[in-house]
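Engineer: Can you keep this structure in mind? I'll have questions shortly.
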Amino acid sequence: MVVQGAEGDWVGHAMGFSEWLYRYLIGEETAGWDSAAFYPGPVRLEYPSTGPGQRTQEAYGPERGM
């Protein structure tokens with residue numbers, strides 16, 4: 001897994017995407033220097049409208065408890 005930072009730097013991790021995403025969501029520094037961020041609560045997913053007159057839908061994952 002390779003992540004490119006905003007300043008053109010990059011960092012590589014010897015793991016798959018799902019492990020990288022899990023570690024990112026629990027607050028590990030997986031996206032470069034000083035990238036750790038933990039936001040408690042469930043993950044919010046936003047599904048944009050697929051056509052005219054349709055509304056954006058939101059879904060929430062389970063409580064993290066991590």
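Just so you know, all these numbers are worked out from the coordinates, no wet-lab data involved. What you are looking at is a predicted structure, and each value in this text was computed from that prediction instead of being measured. Backbone-built Cβ (ideal geometry, glycine too); neighbour counts: all protein chains shown.
Engineer: Extent of the stretch 2-60 along each principal axis, from alpha carbon coordinates, in Å, largest to smallest?
Structural biologist: 42, 27, 21
Engineer: Taking a ≥ b ≥ c as the square roots of the eigenvalues of the Cα gyration tensor of the stretch 27-66, is the shape rounded (a/c under 1.5), prolate (a/b larger than b/c) or oblate?
Structural biologist: Values: a/c = 5.41, a/b = 1.99, b/c = 2.72.
Oblate is the answer for the stretch 27-66, as a/c is 1.5 or above yet b/c matches or exceeds a/b.
Engineer: For a quick protection proxy, order the peptides 7-18, 47-58 by their average other-Cβ count within 10 Å, most packed first. It would help to have the intermediate numbers written out before the result.
Structural biologist: Working: 7-18: 10.0, 47-58: 8.2.
Ranking, from highest mean packing down: 7-18, 47-58.
Engineer: Then there is this: Mean-square fluctuation check for the chain, GNM, Cα pairs under 10 Å: which of E28, E46, E19 is largest?
Structural biologist: Comparing E28, E46, E19 in the GNM, the peak value goes to E46.
Engineer: Along the charge dipole of the chain, pointing to its positive end and built from +1/-1 on Cβ of Lys, Arg, Asp and Glu, which listed residue (A36, S49, G12) has its Cα farthest out?
Structural biologist: S49
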